[in-house]
Structures are given as C-alpha cells and as structure tokens.
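Peer 1: The structure under discussion is supplied below as structure tokens; questions concerning it will follow.
The values are calculated or read from the model by the stated rules, or taken from the named source; none is laboratory data. None of the values given here were measured: they were computed from a predicted structure. Heads up, the Cβs are rebuilt from the backbone with ideal geometry, glycines too, and the neighbour counts pull from every protein chain shown. Calculation scope for accessible area: heavy atoms of the full protein, side chains included, ligands and nucleic acids excluded. Shrake-Rupley method; radii C 1.70, N 1.55, O 1.52, S 1.80 Å.
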Amino acid sequence: MEFKEINKTNYWDCIALTVEDSQTEFVADNKQSLVEAAYEDGLYVLGIYDKKTMVGFLLYDYDDTLPGWSMSRFMIGKQFQGKGYGKQAVLAFFDYIKNSHNADKLYISVSLENSIARKMYSSIGFTEVKEIEYTFLDKHYREMQMVKEL
C-alpha cells in the first residue's frame, strides 16, 4: 500500500474511481474533493495505490476545532472493494500521518447509517467520540466523530 499525491498525471485515475450506488450517500464524489482541495487551503489529497494501480482516494486536513488531523474523505473504488484494501489503507495511513505530520491521533467522521464503515474503524482501534450534525448545500448530515490514538 502506497500513497501518492494527486496531480495532472493521475487525476483521471482518481476521477474514474466510484463507489457502489448504495454508498453514494456516504462518500463525496472525488471530483468535488479535488476541486475543494485545489481552492481551499490546508486540504491534502492522496491516491491509494496497490503497486501501480490506484485503488482508492483520501483527503485529509488539520482541523483547528478538534484540534487534530482528520481523514475527511476516504474511499476504495467499487471494483477493489471486498479485498481488504480499506482496512489496509487506513492502517498504512496511520504511519503516513505520524511520519509526515508528527500526528499523535487521527479523527474521522462516519455517517451514522454507515454501519459497515463504523464497524471496520472500530475494529482497528477508533473510538466513538460524539455525534455531530450539520447542513451542507441544503443537505442535512448526521455523523459519528471517531478518534484513534496513534
């Protein structure tokens, strides 16, 4: 598992990654994430690779309100799901964020309805912190904030 910055050589690979229809309510479109990262300060995007193939995408940032590093967006392409890439990528990201940003903990927020993701994150040491609600672009969200000590 390897992480590479998204740039003009691999952004089409990132855009081509999609999730199952049943997951679209849980994951922002990669195009939207790339645009946000291009125009908002402090957002970092990475492709998740297995050898030379991009299998997933993540966006992370430092959130002053926590305060701490947050894995804000994370997805594994539908054609690569069910092969252990999700858990493997998150575990590898622990080392990445510790080594590149000296992080001592990592936050994530997961849709309350996404029981599969919440179970996976719990199985690798994330603990639930608090329920959060917010509205973005006229859509209401309910999520569970989770944290993992690194």
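Peer 1: Quick check on the range 91-103. Is at least one of its residues touching a helix residue (DSSP H, G or I) at 6+ places or on another chain (Cβ under 9 Å), open to solvent by 50 Å² or more (accessible area, probe 1.4 Å) and at negative phi?
Peer 2: The answer is no; no qualifying residue exists.
Peer 1: Looking only at the range 38-72, how many residues end up being closer than 15 Å to Asn7 by Cβ and either open to solvent by 50 Å² or more (accessible area, probe 1.4 Å) or over 13 Å from the mean Cα position of the chain (by Cα) (or both)?
Peer 2: The total comes to 4.
Peer 1: Filter the range 80-90 for residues that are closer than 15 Å to Gly47 by Cβ, open to solvent by 30 Å² or more (accessible area, probe 1.4 Å) and not aromatic (Phe, Trp, Tyr) and give the result.
Peer 2: Correct list: Gln88 only.
Peer 1: Given the criterion buried (at least 16 other Cβ atoms within 10 Å of the Cβ) and of a type in the set (Ser, Thr, Tyr), identify the matching residue among Ser22, Ser33.
Peer 2: From the options Ser22, Ser33, the qualifying one is Ser33.
Peer 1: Check Lys87, Lys130, Lys139 and return the single one that is of a type in the set (D, E, K, R) and closer than 27 Å to Glu5 by Cα.
Peer 2: Among Lys87, Lys130, Lys139, only Lys87 is of a type in the set (D, E, K, R) and closer than 27 Å to Glu5 by Cα.
Peer 1: For the range 46-150, give me every one of the strands (runs of 3 or more DSSP E) that falls completely inside it and has 1 or more residues that are within 21 Å of Cys14 (Cα to Cα) and touching a residue at least 60 places away in the same chain (Cβ under 8 Å).
Peer 2: Of the strands (runs of 3 or more DSSP E) lying wholly inside the range 46-150, none has at least 1 residues that are within 21 Å of Cys14 (Cα to Cα) and touching a residue at least 60 places away in the same chain (Cβ under 8 Å).
Peer 1: On to the next question. So, in the range 1-40, how many residues would count as being outside any helix (DSSP H, G or I), farther than 25 Å from Ile116 by Cβ and touching a helix residue (DSSP H, G or I) at 6+ places or on another chain (Cβ under 9 Å)?
Peer 2: The qualifying residues number 1.
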